[in-house]
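Worksheet for the structure shown next.
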Amino acid sequence: MLRRDRLIRMQVHQLMDACLFAVSFWLAYVVRSDPRVIEFFRLDEVSPFEAYVWLYLILIPAAPLILEAQGFYNRPILCSRYTTAWLLFKGCLFTTLGLILALFLFHSGIARLVTVLFGAISFLLLFSKEELLRRAFRSELAREQYRRRFLLVGTGEETARMRAELRSKSPEAMDVIAELDLNETSIDRLVELLHEHSVNGVIISAKRSFFDQVEAAVRVCELEGVEVWLMADFFKTQIARATFDDFYGHAIMVFRAVPEASWESVAKQLIDFFGAATLLLVLAPLLALVALSVKLTSPGPVFFRQQRSGLNGRPFTLYKFRTMVTNAEQLKHELAAMNEMSGPVFKVVNDPRITPFGRLLRKFSIDELPQLFNVLRAEMSLVGPRPLPVDEVKRFNDLAHRRRLSVKPGLTCLWQVSGRNKVKDFRDWVRLDLEYIDNWSLWLDLKILCRTLPVVLTGAGAS
C-alpha cells in the first residue's frame, strides 16, 4: 500500500476513533450522573455536562495522536487480537492520564469515577470497532472488492523478492495474481495477463538493462488505464529518500491514468453506500410493486442477472428488473443485423424482445433500480461508466477502449445524460466515458446526478 493510501486510511480511522472517544466521555458522564448510580454507591452530585464540554477541545485531537504514537495505526489490519488490545490499552491509558492532567492544570474538578469509566468505555468501544472491521475484512465480499490484485513484472529474482515483501507487509490488502519474468517472456504476454486476471495494478522492478521493456510495459498499461508502480531503486542509497512516493521504504514512480486516492474518493464511496441504502429504503414500496407487476405481466423470473465487466474488467453479477422475454439471449443472435450501435455493443431501439411492461420500465430507467444492491456491494458506483456484458468487452477491437474499465462502473454517467440511446457510435460512448475519467471530481459526480433526474423523469433518449 502506497504512503498516500496508508495516510488516508489512517486519517479515516483517526476521525472514527476521535468520535468514539468523544462518545465514551459522554457515556462515562451519563453513567456517573445517573441518580440510581449516585443513590446506590452514595456518591455526590456532579456538575452539569456543559461544564466539561471544553475538554473536547483537548480530547478529540489528542486521543488519536496518542494512539498513533503507540503505533496503533501502523499495525496490519488483520494483526492478532492481542496486539490490537495491548496497543489500544496503552493508548486509552495514556489518554485517560492526559485527561486527568488537563483537569489538574486547569483546576477543574470532576468525579474520579468519570475518568475511570471513560478509560474502560473508550477501550471497549474502540476494540469493538476493530473487531467489526476484522470480521468485515475477512468476509468474502471484502476479499472480492477491497483486496487489490497485482501483477509483478521483473526478473525472477526481483519478483520473488517483491512477492515475499508483499506477503510480509501487506497480506490483507494485496494479492499477487501472476508474475512476468522479463528474461523469459515478451511484453505481449503482459496484455494477455491483464485481460485474463482483471488486475488493479502492475508492479515493475527491473534493472537498467530492461528499460526498453519497462517502457513498453508502461505504455501497455497506460493504454488500458491500469496503474503502474515502477520501483525506482535502480541505485542503492543510504541517505536519500523517496521523492515520488514510498512503498514500504522503496522509492517508487507511479504512472496513473485514473484519479488517485484522495479524500474526494473517500467521500465518493460514502455517498455511494449511504445514497444507495437511502434510495433502497425510500423506494422499497416501488420496488415491491414493480417486482409484482413483472411477475404478473409476463412469465419468467422477476430479476434479470448477467455477468458484466466491473473495475479493471473483473466480472460481477448485475441485477435488473426483467424487461424482456425469457429467451432474449437466444433471440439476440437472430437480431444481430438490426444492431444500431457501431462497435462491440448491441443496441436496438425498437427491440422486439422487450415486453410491454418492460418498455415502460426502460423508458424511465426503473429496470436499473436493483443495481442499487450492486452499489451497496461496492461492485458499482452511483456515477461511472455503464458496465458492459463480459462478452462485449472481449470483442473490443481497440485496447484504448479498455481504459473505461479503470474505474468502477456506475448507475449513471455522461453517456446517460447526453442522449442515452441517441448515441449511435461506440467511439462517442467511450469518448464520453474517458472524458469523465480524465476530469473526475466529486462536483462532476454531483452535477451528473442532478442532470440524471430530469432525464429519467422525462424518459429522454430511452428506448
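The values are calculated or read from the model by the stated rules, or taken from the named source; none is laboratory data. These numbers were taken from a predicted model, which means no experiment stands behind them. Using ideal geometry, Cβ is built from the backbone for each residue, glycine included, and neighbour counts are taken over all protein chains shown.
Identify, please: which residue in the range 144-158 is modelled with pLDDT of 85 or more and over 8 Å from Asp181 (Cα atoms) and is, among those, surrounded by the fewest Cβ atoms within 10 Å (Cβ to Cβ)?
In this case the residue turns out to be Arg149.
Specify the residue that is farthest from Gly310 (Cα to Cα); the eligible residues are those in the range 182-196 that are touching a helix residue (DSSP H, G or I) at 6+ places or on another chain (Cβ under 9 Å) and not acidic (Asp, Glu).
So, considering only residues that are touching a helix residue (DSSP H, G or I) at 6+ places or on another chain (Cβ under 9 Å) and not acidic (Asp, Glu), the one farthest from Gly310 (Cα to Cα) is Asn183.
Identify all residues within the range 328-359 that are among the polar types (S, T, N, Q) and either without any contact (Cβ under 8 Å) to a residue 24 or more places away in the chain or outside the structural domain of Val290 (by TED's automatic domain parsing) (or both); write none if there are none.
Matches in the range 328-359: Gln330, Asn339.
Confirm whether Phe274 is aromatic (Phe, Trp, Tyr) and outside any strand (DSSP E or B).
Criteria met by Phe274.
Looking at Thr84, is it surrounded by 16 or more Cβ atoms within 10 Å (Cβ to Cβ), in a helix (DSSP H, G or I) and in contact (Cβ under 8 Å) with a residue 60 or more places away in the chain?
In short, no.
Please report, ordered by residue number, the helices (runs of 4 or more DSSP H) entirely within the range 91-179 with at least 2 residues that are farther than 30 Å from Arg81 by Cα and touching a Ser or Thr at 6+ places or on another chain (Cβ under 8 Å).
Hits in the range 91-179: 156-169.
Mind telling me which of the residues Arg138, Arg112, Arg134 ends up being in contact (Cβ under 8 Å) with a residue 12 or more places away in the chain, surrounded by fewer than 13 Cβ atoms within 10 Å (Cβ to Cβ) and not polar (S, T, N, Q)?
Sole residue among the options that is in contact (Cβ under 8 Å) with a residue 12 or more places away in the chain, surrounded by fewer than 13 Cβ atoms within 10 Å (Cβ to Cβ) and not polar (S, T, N, Q): Arg138.
Here is a list: Ser47, Ser24. Which entry is assigned to a helix (DSSP H, G or I) and closer than 19 Å to Phe118 by Cβ?
Ser24
For the subset of the range 35-80 comprising residues that are of a type in the set (D, E, K, R) and surrounded by fewer than 13 Cβ atoms within 10 Å (Cβ to Cβ), which member is farthest from the chain's Cα centre (by Cα)?
For the range 35-80, the residue satisfying everything is Arg42.
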